[in-house]
There are 2 protein chains.
Amino acid sequence: MKIRVFVSLKDGVLDPQGKAVGHALETLGFSGIGEVRVNRVVDVDVPAKTAADAIAQGEAMARALLANEVIEDFSIEVAE
Amino acid sequence: MKIRVFVSLKDGVLDPQGKAVGHALETLGFSGIGEVRVNRVVDVDVPAKTAADAIAQGEAMARALLANEVIEDFSIEVAE
């Protein structure tokens, strides 16, 4: 079963990557751009029979590796 | 208006980052994991009045900077 783990910086946490992308877009002529935030989405094929089991495995993976819970939030959905 | 640009590697393109995440998960005891793919999602606040205009700006940004069209696909949605 495929799950999708969406990882994003918590509100208020500075996003240097987003800032860099924003500056680069301005340099390329895209004016008037507001905030830019760069997030990660990790698709994982997990050995689960049910959606609940797949999401539980995803949460364990997110807490163990995929997300830094000090500065990041994560959410999980079953992709297929 | 906020748009969300979803950038993912094309099918068949090797994802070394995904492979590394998969190995790390196995090392942490998550057995039986299949393919892992790591994608980018860039949220951009664009100066657009309509959804169509926002998406058009997003496409131009994706082609100019956010996606490498040789190996990546992108899709855009209006987030708010």
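Hey, can you find the accessible area per residue of segment B:2-79 for me, probe 1.4 Å, expressed in square angstrom?
Working: 4030 Å² over 78 residues.
Roughly 52 Å² per residue, with all protein chains present.
Hey, got a sec? Which trypsin sites (Lys or Arg not before Pro) in segment B:22-80 land in a DSSP loop and have at most 16 other Cβ atoms within 10 Å? Each step should come with its number before you reach the end.
Numbers: sites: B:37, B:40, B:49, B:63; in loops: B:49.
Filter output for segment B:22-80: B:49.
Look at where the Cα atoms of segment A:1-29 and of segment A:53-73 average out, and the two centres are 19 Å apart. Ligands, DNA and RNA left out, the 1.4 Å accessible surface of segment A:9-80 is 54% carbon and sulfur atoms. Along the Cα-to-C-beta direction of residue A:2, a point sits 7 Å from the Cα; which residues of segment B:18-52 have their amide N less than 17 Å from that point? Inside the label zone: B:18-19, B:22, B:33-41. For a straight C-alpha distance cut-off of 19 angstrom, the lysines reachable from residue A:19 (same-chain residues fewer than eight places away being disregarded) are A:10, B:2. Pairs of Cα atoms nearer than 8 Å and 6+ residues apart set the relative contact order; for chain A it is 53 percent. Remark: the protein assembly as shown projects, on average over all directions, an area of 9.9 nm² (convex hull of Cα atoms).
A probe of 1.4 angstrom, applied to the heavy atoms of all protein chains, finds residue A:28 with accessible area near 100 square angstrom. Where only DSSP H runs of four or more residues are counted, chain A gives -9000 deg cm²/dmol as its mean residue ellipticity at 222 nm, each run worth -39500 (n - 2.57). Counting Cβ atoms of other protein chains within 10 Å of each residue's Cβ and taking the mean over peptide B:40-51 gives 5. Here the Gaussian network model covers chain A, with springs between Cα atoms less than 10 Å apart; of A:20, A:51, A:62, A:20 fluctuates the most.
With coordinates expressed along the principal axes, the C-alpha atoms belonging to chain A extend over 49, 26, 15 Å, beginning with the largest.
The values are calculated or read from the model by the stated rules, or taken from the named source; none is laboratory data. Quantities reported herein were computed from a predicted structural model and do not represent experimental measurements. We place every Cβ from the backbone using ideal geometry, glycine too, and count neighbours over all the protein chains shown. Just the protein is used for accessible areas: all its heavy atoms, side chains included, with ligands, DNA and RNA removed. Shrake-Rupley method; radii C 1.70, N 1.55, O 1.52, S 1.80 Å.
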